[in-house]
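This report refers to the structure that appears directly beneath it.
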Amino acid sequence: MRVRWAFEEVGRRYDVRLVTFEAMKAPAHLARHPFGQIPTLEDGDLTLFESGVIVLHIAERWPGRLPVDADARAGAIAWMFAALNTVEPPILDRQTAMFLERDKPWFEARLAEVDDRIRVRLDPLSAYPDGGDWLDGAFSAGDLMMVHTLQRLTMSGLSEKYPTLIAYIARAEARPAYRRAFDAQAAVFAMASH
Ligand SMILES: N[C@@H](CCC(=O)N[C@@H](CS)C(=O)NCC(=O)O)C(=O)O
């Protein structure tokens, strides 16, 4: 979804090759991704793995979603790294707890501890989009990455206590580029369930 959204934001067409879990671990895909995961990107002779660098590559290669000014661009990229390195890790820990650790005797204590670590990130972050629509000026790849990271909390109820973040996510989801990416992704799931 991150990669689709990035392509839509810069107005580029892209082709999708779906990969089964089995194919992800086969040599052909391991040549593209050392850990046998998705997403990967093939752009001419270049093959990339890791969603963060793929979105960064798209935003750097085609204009529109990173500032032209070098300092402002570095600031937008800082938000991309903040999403991936600082905000996402405790959110992923929560998902791991919910999906894989529910039967452990320490599950409740673990969840409470992880939720506290998430709130430590959401508290300062919630102050940011309040003055304007986006984290730092115009919508950027930093916002794309942050919104997609925060969306992982949708089912948790944790973000509901942060109205500015809820509004920030809603603004991003209303973007035509987001809608196009979402519809394309939803079509894949609809196809897979038939
Ligand atoms: N840090 C990686 C995470 C990639 C990742 O976790 N991909 C999942 C799907 S969203 C996957 O391929 N899971 C299958 C597996 O790990 O075997 C990125 O952002 O690209």
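The values are calculated or read from the model by the stated rules, or taken from the named source; none is laboratory data. Only a predicted model underlies this, so the values are computations on that prediction, with no experimental measurement involved. Neighbour counts are summed over all protein chains in view; Cβ atoms, including those assigned to glycine, are modelled from backbone coordinates with ideal geometry. Calculation scope for accessible area: heavy atoms of the full protein, side chains included, ligands and nucleic acids excluded. Shrake-Rupley method; radii C 1.70, N 1.55, O 1.52, S 1.80 Å.
Grab the alpha carbons of the stretch 54-163, take their convex hull, and tell me the volume per residue in Å³.
Spread over its residues, the Cα hull of the stretch 54-163 gives 101 Å³ apiece.
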Next on the checklist: Below 8 Å between Cα atoms, with a sequence gap of 6+, how large is the relative contact order for the stretch 65-185 in percent?
Outcome noted: 32 percent
Item to check | Probe 1.4 Å, all protein chains present, accessible-area order of 71, 115, 45, 93, largest first | outcome: 45, 71, 93, 115
Checklist outcome for this item: Among chymotrypsin sites (Phe, Trp or Tyr not before Pro) in the stretch 77-150, those in a DSSP loop whose Cβ has at most 14 other Cβ atoms within 10 Å are 106
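Within 10 Å of each candidate Cβ there may be at most 12 other Cβ atoms; applying that plus a DSSP loop requirement, which trypsin sites (Lys or Arg not before Pro) in the stretch 83-150 survive?
102
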Item to check | Distance (nanometres) between label positions extended 7 Å along Cα→Cβ at residue 171 and residue 184 | outcome: 2.5 nm
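Using helices alone, what [θ] at 222 nm do you get for the chain, with -39,500 (n - 2.57) per DSSP H run of 4 or more residues, divided over all residues and rounded to the nearest 500?
Value at 222 nm, helices only, nearest 500: -17000 deg cm²/dmol.
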Item to check | Volume per residue that the Cα convex hull of the stretch 14-65 spans, once the total is divided by residue count, Å³ | outcome: 82 Å³
Checklist outcome for this item: Net charge (Lys, Arg +1; Asp, Glu -1) of residues whose beta-carbon lies under 15 Å from that of residue 28, residue 28 excluded, is +1
Item to check | Mean projected area (nm²) of the alpha-carbon convex hull when the stretch 120-194 is viewed from all directions | outcome: 5.6 nm²
Next on the checklist: Ratio of alpha-carbon Rg to the 2.2 N^0.38 Å globular estimate for the chain, to two decimals, please.
Outcome noted: 1.08
Checklist outcome for this item: Ratio for the stretch 7-98, C-alpha Rg to 2.2 N^0.38 Å, reads 1.25
Item to check | Where the Cα pairs of the stretch 104-148 fall when distances are cut into 5 Å bins, in % | outcome: 5, 19, 19, 18, 12, 10, 8, 5, 3, 0
Checklist entry - What length, rounded to one decimal in nm, is gained on full extension from residue 25 through to residue 102, with 0.36 nm per residue of separation minus their alpha-carbon distance? => result 25.0 nm
